[in-house]
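The structure under discussion appears below in the form of structure tokens.
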Amino acid sequence: MRNRIFCFIVCLILMFCTTGCGVIDYYFLPKPEDTAQELYEAGVESMKDKDYSQASDFFAKLKDRYPFSPYTVKAEISLGDSYFLDGKFFDASEAYKEFAALHPGNEEIPYVLFQIGLSNFSIFRSIDKPQQSVSEALEFFYRVEEAYPDSKYAKSSKEYIVKCRRALADQELYIADFFWRSKKFGSAWKRYAYVVRNFKDLPKVRKYAIKQAEMSYYEYQKTLSQEEREKLQGSWKELVDWL
């Protein structure tokens, strides 16, 4: 029995001597990092599998570890794409903006600018909320349309310009209608008049605003003294000139 135990211990010692260095290396030495190509390909595969969160992790690691790799430029755009497809529109916008700042002459800039606009427009949820994201989206769609009119993104940018303009006009009307319902006719009139003056490219919206502006002004005058009415005549004449 003792001989068997002794033989077993000897065998373990021999095994450790022959493989011990490998075991130590495996558990205690740092593992080599993935190459830039491996990280990029892993990110692409994750995108194909629609695992956008994992894809963004791979692209972010590549970007941080290998800032000068030829794969990094593609990974920077793909990082924005992975955020966008994952519904993280603010992160997507920031990633695209960083790319545009770092590579202003890159051939993908028309796409990147369009995606910044689309990301910001996608943040939009309701006309009763602040519209900063819509205003920013409009700015980037205009940039694509004006700076890259021959790109394949120019036509889509024009369509989104109309959508952005309509969203901004709808918010103004929402506020104006609220003032109207609250019988704050002076404030309502000013909001409707703003739409009449600034959204001539939206005829249906403007037609409604003109009608409401007239009614608001009429109701507003009822609440004023004769002297106050006379002071407003100039404002009314301005409104008539727009009609």
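Only the Cβ atoms of Lys and Arg (+1) and of Asp and Glu (-1) were treated as charged; on that basis the dipole of segment 42-144 about its Cα centre amounts to roughly 40 debye.
The modelled label-to-label distance for the pair Lys200/Leu85, using points 7 Å beyond Cα in the direction of Cβ, is 4.4 nm. Partner lysines whose Cα lies under 22 Å from the Cα of Lys61, excluding those fewer than 8 positions away in the same chain, are identified as Lys31, Lys48, Lys50, Lys74, Lys88, Lys97. Subtracting the Cα-Cα distance of Asn106 and Tyr218 from their residue separation scaled by 0.36 nm leaves 34.7 nm. Qualifying GluC sites (Glu not before Pro) in segment 61-143, where qualification requires a DSSP coil assignment and no more than 11 other C-beta atoms within 10 Å, comprise Glu107.
Here each label is just a point 7 Å from Cα along the line to Cβ, and for Tyr174 and Lys50 those points are 3.0 nm apart.
Note on segment 64-215: Kirkwood hydrodynamic radius from all Cα pairs is 17.1 Å, rounded to one decimal. Indicate the gyration tensor shape class of segment 88-159 (rounded, prolate or oblate), computed on the Cα atoms with a ≥ b ≥ c the square roots of the eigenvalues: a/c under 1.5 is rounded; otherwise a/b larger than b/c is prolate and the rest oblate. Oblate, because a/c is 1.5 or more while a/b does not exceed b/c.
A dipole drawn for segment 68-149 from +1 and -1 charges on Cβ atoms has a positive end, and of Phe89, Leu79, Ala100 the residue lying farthest that way is Phe89.
Each residue of segment 201-206 was assigned a 3J(HN,Hα) from its phi angle through the Karplus curve 6.51 cos²θ - 1.76 cosθ + 1.60 (θ = phi - 60°); the sequence is 7, 10, x, 5, 4, 5 Hz, with glycine and proline shown as x. Pairs of Lys residues in segment 166-226, spaced 8 or more positions apart or belonging to different chains, with C-alpha separations under 17 angstrom: 9 in total.
Read the figures in this text as sums done on the coordinates, not as results from a lab. All figures in this text were calculated on a predicted structure; none of them were measured in a lab. Here the Cβ is made from the backbone with ideal geometry for all residues, glycine too, and neighbour counts use every protein chain on show.
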